[in-house]
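One structure is given below, encoded as structure tokens.
The values are calculated or read from the model by the stated rules, or taken from the named source; none is laboratory data. Computed from a predicted structure; not experimentally measured. Heads up, the Cβs are rebuilt from the backbone with ideal geometry, glycines too, and the neighbour counts pull from every protein chain shown. Side chains included, ligands, DNA and RNA excluded: accessible areas come from the protein's heavy atoms. Shrake-Rupley method; radii C 1.70, N 1.55, O 1.52, S 1.80 Å.
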Amino acid sequence: MARRHLRLRHLRPGAWVRIGESPPSTPKAHMTHSTNVLVPTSPEEAVASFGDGGGITVVAGGTIVMPELSSGRLRPERALLLAKAGLAGITSENGTVRIGATTPVLALVGATPEPLSTFAAYVGDYEIRSQATIGGNVCAAPAAESPRGDLQAPLLALGARVRSAGAGGERTESIDDFLAGGEDRLVLELEVDQPTRGAAAALGRPHAHNYTIMAVAAAEGADGVLVAVSGAGPRAQRLPSVEQALAGGADAAGAAAGAAADVSPHDDALASAWYRSTMLPRLVEQALGRL
Amino acid sequence: MKLLVNGIERDLETPPLESLLTALREELAITSPKAGCLQGGCGACTVLVDGEPRRACLVPIGAVDGASVTTVEGLGTDRELSPIQAAFFDNYATQCGFCVSGFMLAAHSLLEREPGAGRDQIIEGLAGHMCRCTGYVKIVEAVEAAARGDVDTRRDREPETLTEGSQA
């Protein structure tokens, strides 16, 4: 009898649930409040739905927001789902690459300039890279224990521009200004000028379930070599001492030596501040060596 | 909202900000996608949405209105297992079974993208999935067997007998 039981389970997957024939059960009431959910089907509709962003939670890929919603930690009045808003896609023209806000991280790998392409490959696993979007990554809140906005470093190094909508209408600004600003904005597109050279260096991950502890992005463009790091603090940041040393003619090792002065590393579940401070100059030197 | 689930059109009343996982498990009573970590980290809820593997716990149902969803029940037919199912069966790639539907769907999709995937590609392609029983070796071997086409998809048969030394 037990043997037969085993055979059934092995040979007939799905035998226990007759798909299509089971009577639909009554859905449980999971939400004690009602959220007005907006699902725009064009960029214009998305901008109109977002308005000035007051009281609205934007869901692009869902990889950051959905756990907050499912756990009840986040209970928005309104939610804007961007999945059908037509904001995905990568185009390249006259040396400028335009990346739609809901372009999946996976699509950046091999299709965008370095070091963005390599950084995208550092994110999560195949499914997470397929679901997570560049816009969501750019908008990730600084996290105490997880460098979620890890594409921000290559975008800083590439001198990217962010086109966004919100109060006062649409505008395009540098990624530096966008990240420094505290306003509610709906990201529509990232613009990146093709760099002369770009390179990345990261602390390896033991497996795909881990965040990358720390990673350094370097790119040479119209403003010289820009260098940025993610994971050395709660958010990604440029390394001005390194950039200035390079502009002054320093070699990779010389420029990297002062990197720790630009950051205030922290202890967290991933690594200690000491480890971050110790490894940063080495990662910077490695990234510059790969340029 | 509507979903085409394993080829059958289903109307849904689950609120649009709830996850696809909740809709499948609690409204449609399809419990093969497992509610593991509920934050995208374990892979047990993976289903195919329009043919692509997705973490059902991270997908708001309102974002996939009208999509085609395949759970592990949709992989084979009444008469035949899918190659991945047959390979898991013959290679003893299952112990408690909790992670298996996610692994099978991810592996099925991997072999559609990369039909001749080798060991490294398989390990990389399934890296987002956790198994706390098998130690992964049997799972990787099963997917390698499916990639080689070394499978017998007939349902009406016994599993291959383990030979001495082949048991982990």
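Take B:PHE98 and B:TYR136, extend 7 Å from each Cα along the Cα→Cβ direction, and tell me the distance between the two endpoints in nm.
Taking the simple label geometry, B:PHE98 and B:TYR136 are separated by 1.8 nm.
What are the ³J(HN,Hα) values, in whole Hz, obtained from phi via the Karplus relation 6.51 cos²θ - 1.76 cosθ + 1.60 with θ = phi - 60°, for each residue of segment A:46-56 in sequence order, with x given for Gly and Pro?
Running phi through 6.51 cos²θ - 1.76 cosθ + 1.60 with θ = phi - 60° gives 5, 5, 5, 5, 5, x, 9, x, x, x, 10 Hz.
Which value in deg cm²/dmol, rounded to the nearest 500, describes the helix-derived mean residue ellipticity at 222 nm for the protein assembly as shown, given -39,500 (n - 2.57) per DSSP H run of n ≥ 4 and division by the residue count?
Taken over the protein assembly as shown, the calculation gives -7500 deg cm²/dmol.
Would you mind classifying the protein assembly as shown by shape? Square roots of the alpha carbon gyration tensor eigenvalues, ordered a ≥ b ≥ c; an a/c under 1.5 is rounded, otherwise it is prolate if a/b is larger than b/c and oblate if not. Let's see the in-between values first.
Values: a/c = 2.31, a/b = 1.47, b/c = 1.57.
It comes out oblate by the Cα gyration axes.
Taking H placed 1.01 Å from N in the peptide plane, check which residues at least 5 places from B:ALA127 or on another chain put their amide H under 5 Å from its amide H.
The answer is A:TYR126.
Rolling a 1.4 angstrom probe over the protein heavy atoms, how many square angstrom per residue are accessible across segment A:198-291?
42
With r defined as the distance between the Cβ atoms of A:HIS266 and A:SER92 and R0 fixed at 51 Å, what FRET efficiency is calculated, to the nearest 0.05?
It comes to 0.85.
Can you compute the modelled spin-label distance between B:GLU9 and A:ARG75, with each label point 7 Å from Cα toward Cβ, in nm?
The two pseudo-label positions are separated by 3.7 nm.
If you take the accessible area of A alone, add that of B alone, and subtract the area of the pair, what total do you get in Å², probe 1.4 Å, to the nearest 100?
Answer for the A-B pair: about 3800 Å² buried.
Once phi is turned into ³J(HN,Hα) by the Karplus curve 6.51 cos²θ - 1.76 cosθ + 1.60 with θ = phi - 60°, what whole-Hz value does each residue of segment A:34-45 show in order, with x for glycine and proline?
For segment A:34-45, the Karplus curve yields 9, 10, 7, 9, 10, 10, x, 10, 8, x, 4, 4 Hz.
Under a plain spin-label model, where a point goes 7 Å from the Cα along Cα-to-Cβ, how far apart in nm are B:THR77 and B:CYS37?
3.8
Could you work out how far the C-alpha centroid of segment A:123-200 sits from that of segment B:1-22, in angstrom?
A separation of 32 Å, based on Cα centres.
Name the residues of segment A:78-97 whose accessible area, probed at 1.4 Å, falls by at least 20 Å² once all protein chains are in place instead of their chain on its own?
In segment A:78-97, residues shielded by partner chains: A:LEU81, A:ALA83, A:LYS84.
Run the paramagnetic zone check for A:ASN36: 7 angstrom along Cα to Cβ, then residues of segment A:51-79 with backbone nitrogen under 20 Å.
Counting only backbone N, you get A:51-60, A:74-79.
Could you work out the relative contact order of segment B:6-65, using alpha carbon pairs under 8 angstrom and six or more residues apart, expressed as a whole percent? Intermediate values should be presented prior to the final figure.
Working: 81 pairs, mean separation 22.6, N = 60.
Rounded, it is 38 percent for segment B:6-65.
Excluding ligands and nucleic acids, what accessible area in Å² is computed for A:THR118 using a 1.4 Å probe, to the nearest 10?
40
Ignoring ligands and nucleic acids, what accessible area does B:ARG113 show with a 1.4 Å probe (Å², nearest 10)?
Spelled out: B:ARG113, probe radius 1.4 Å, area about 80 Å².
Quick query: amide H of A:VAL37 versus all other amide H atoms, modeled in the peptide plane; which residues come in under 5 Å with a sequence gap of 5 or more or a different chain?
Result for A:VAL37 returns A:ALA79.
Whose amide H sits under 5 Å from the amide H of A:GLU189, counting only residues 5 or more places off or on another chain, with H placed in the peptide plane?
Here A:ALA101, A:ARG163 satisfy the definition.
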